[in-house]
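The values are calculated or read from the model by the stated rules, or taken from the named source; none is laboratory data. Small disclaimer: the values here were computed from a predicted structure and weren't measured. Cβ placement follows ideal geometry from the backbone for every residue including glycine, while neighbour counts extend to all protein chains displayed. For accessibility, only protein heavy atoms count, side chains too; no ligands or nucleic acids. Shrake-Rupley method; radii C 1.70, N 1.55, O 1.52, S 1.80 Å.
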Amino acid sequence: MTLSQKLENKADDRWLPRYHTVNREYHVELSPKAGGALSARLLDVSRDGLGILLEREVRAGETYDLEVDGKGIRVKVVYCIRDLIHAGAYRVGMQRVGSTENLVSLFAAQKCITP
């Protein structure tokens, strides 16, 4: 079994449904506490988290501010692995922290996912 297949199987074990983006070119901006913003491609969204594709590695546990529809959401890196399909990119799993905002509702309002 390839790493990609293992990740897909792990994603299927989650108890919150994941919604893949309709437009594969939907980008989000992440702002760290210090430094410039990071642009990421949105891959999927659940109520409490999201999967993104970044061009640089980030560390598990780091937190960022994500702005969606004018709302600031704090997110934490859960994992970061090299993407096997996109050379030089990293697949990152993030979880919202300190907020009860439903990420599926926010991104559905932006028409980038269809729940």
Check: In whole angstrom, how long is each semi-axis of the equivalent ellipsoid of region 29-80, when you take the square root of 5 times every eigenvalue of its Cα gyration tensor and sort them from largest down?
Finding: 15, 14, 11
Notebook entry, point to check: Once amide H atoms are built 1.01 Å from N in the peptide plane, which residues 5 or more positions from residue 26, or in another chain, come under 5 Å H to H?
Noted result: 42
Note to self: If I model a spin label as a point 7 Å beyond the Cα along the Cα-Cβ vector, how far apart are those points for residue 85 and residue 105 in nm?
What the structure shows: 3.0
Check: How large is ³J(HN,Hα), in whole Hz, for each residue of region 71-88 in order, when computed from phi with the Karplus curve 6.51 cos²θ - 1.76 cosθ + 1.60 and θ = phi - 60°, using x for Gly and Pro?
Finding: 9, x, 10, 8, 10, 10, 6, 9, 8, 8, 10, 5, 7, 7, 9, 9, 4, x
Next item on the list: Return one whole number: the accessible area per residue of region 19-115 in Å², for a 1.4 Å probe.
Entry: 54
Item checked: Shape metrics for region 29-115, restricted to C-alpha atoms - Rg then Dmax, Å -> 12.3, 35
